[in-house]
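Presented below is the structure to which this report refers.
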Amino acid sequence: MRRFKFVHCDPFKCVGCGICEYVCSLRQEKAFRSSVSRIRTVRIYPHRNVSITCVLCEEPPCVDACPRDALAQDELGIVRVDVSKCVGCGLCMEACDFGAITIHPELRVALICNLCDGEPACIEACPEDALSLTTRDLQAQMRRLKVASNLTG
């Protein structure tokens, strides 16, 4: 089992400012436009916000769903988009259980987090330290610790 690192958002820290979206769009597309960001802020009313991005599935359904073989997962777990093959059909978007994929509004190609090739700009820019680079194992351990502390405290 591979343990891929991905960007995780703590909904108890996220204030929904959207800075992560703008930093991502600037880094990836050289534009301040949340519509071309690879991370999305979702407001969970009335009191929570969370930013969603690719969680680097072990066997990503988005890759399997692509009829043109435009998506491939690399050795770091990052799902890469071959823009010469992608036609923006959206089947990858539908296959993603996390809602982490969008389609570029003009270029009509899939937008998926590529972790800024190892240095996610969104993490560094988050003013509330709500974003971190983590693994599924680490997240599971944190949940276990929280449950254990609630049982004993």
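Taken together, the values in this text are just the output of simple stated rules run on the coordinates, not laboratory data. As the structure is a prediction and not an experimental result, all values here were calculated from the model. Glycine gets a Cβ as well: all are built from the backbone with ideal geometry, and neighbour counts include every protein chain shown.
Count the net charge of all other residues whose Cβ sits under 12 Å from the Cβ of Asp69, scoring Lys and Arg as +1 and Asp and Glu as -1.
Numbers: positive: Arg68, Arg80, Lys85; negative: Asp64, Asp82.
It works out to a net charge of +1.
Taking all Cα pairs closer than 8 Å and separated by 6 or more residues, the relative contact order of the chain comes to 29 percent.
Mind checking which of Ser132, Ser51, Ser37 has the largest fluctuation in a GNM of the chain, springs on alpha carbons under 10 Å? Highest fluctuation among the options: Ser132.
What does the charge add up to near Asn150, with Lys and Arg as +1, Asp and Glu as -1, over the other residues with Cβ less than 12 Å from its Cβ?
+3
Do any GluC sites (Glu not before Pro) in the range 65-140 lie in a DSSP loop with no more than 11 other beta carbon atoms within 10 Å, and if so, which? Here the sparse-neighbourhood loop sites are Glu75, Glu106. What angle, in degrees between 0 and 90 and rounded to the nearest 10, separates the Cα long axis of helix 136-152 from the longest principal axis of the Cα atoms of the chain? With rounding to tens, the tilt is 20 degrees.
In the range 91-153, which trypsin sites (Lys or Arg not before Pro) fall in coil by DSSP and have 14 or fewer other Cβ atoms within 10 Å? Answer in residue order: Arg108.
Calculate how steeply helix 19-29 sits against the longest principal axis of the alpha-carbon atoms of the chain, using the helix alpha-carbon long axis, and give the answer as 0 to 90 degrees to the nearest 10. For helix 19-29, the angle is close to 30 degrees.
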